[in-house]
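The values are calculated or read from the model by the stated rules, or taken from the named source; none is laboratory data. Treat the numbers as computed from the prediction; the structure is a model and nothing was measured. Cβ atoms come from the backbone with ideal geometry, glycine included; neighbour counts cover every protein chain shown.
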């Protein structure tokens, strides 16, 4: 596989970053991600989402004590350009679903100081006969775990 690099301007830190890209979204993945974002944002409006507790997410919560509305705001702000990967779930702990991976630059006021962080998000939509729900598996600092 050919290594690809992308030079990006980070609007949060005002720095240029070189990002290694191992895979770009295919046209099919891009369409799936666009549809996912549309459905996800509709479900956020009605509160049909949950952020799964995990030690990774709890560690993030300890370092960045965000209110639920701040987390929902991060989810609402996701765009197709934040999507880095779409793949079928292979983890037996979660339902058979297509997973969507995102990286999002965010800035928060934490204890009176602006704090910037790149957030890694992994999620899917759980579909049932009665309703759908966004399941956020990962909501933590990028580069530490996955």
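Kindly indicate whether residue 68 is in contact with a strand residue (DSSP E or B) (Cβ under 8 Å, 6 or more places away or on another chain), surrounded by fewer than 19 Cβ atoms within 10 Å (Cβ to Cβ) and at pLDDT below 95. The answer is no for residue 68.
Here's the yes/no breakdown for (1) surrounded by 12 or more Cβ atoms within 10 Å (Cβ to Cβ); (2) more than 17 Å from residue 142 (Cβ to Cβ):
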| position | (1), (2) |
| --- | --- |
| 89 | yes, yes |
| 101 | yes, no |
| 104 | yes, no |
| 108 | yes, no |
| 113 | no, yes |
| 118 | yes, no |
| 121 | yes, no |
| 125 | yes, yes |
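Please tell me if residue 78 is assigned to a loop (DSSP other than H, G, I, E, B), touching a strand residue (DSSP E or B) at 6+ places or on another chain (Cβ under 8 Å), modelled with pLDDT under 90 and within 18 Å of residue 103 (Cα to Cα). So residue 78 does not fit the description; no. Which of the residues that make up the range 101-136 are more than 20 Å from residue 44 (Cα to Cα), in contact (Cβ under 8 Å) with a residue 24 or more places away in the chain and out of contact with any strand residue (DSSP E or B) (no Cβ under 9 Å at 6 or more places or on another chain)? Of everything in the range 101-136, just one residue is more than 20 Å from residue 44 (Cα to Cα), in contact (Cβ under 8 Å) with a residue 24 or more places away in the chain and out of contact with any strand residue (DSSP E or B) (no Cβ under 9 Å at 6 or more places or on another chain), namely 110. Restricted to the range 15-29, and to residues there that are under 20 Å from residue 97 (Cβ atoms) and surrounded by 12 or more Cβ atoms within 10 Å (Cβ to Cβ), the residue that is modelled with the lowest pLDDT is 23. For the range 36-58, the criterion of being modelled with pLDDT under 95, surrounded by 11 or more Cβ atoms within 10 Å (Cβ to Cβ), over 16 Å from the mean Cα position of the chain (by Cα) and closer than 21 Å to residue 105 by Cβ is met by none of the residues.
What residue, of 85, 32, is surrounded by 11 or more Cβ atoms within 10 Å (Cβ to Cβ) and part of a strand (DSSP E or B)?
Numbers: 32 fails: part of a strand (DSSP E or B).
Going through 85, 32 in turn, just one is surrounded by 11 or more Cβ atoms within 10 Å (Cβ to Cβ) and part of a strand (DSSP E or B): 85.
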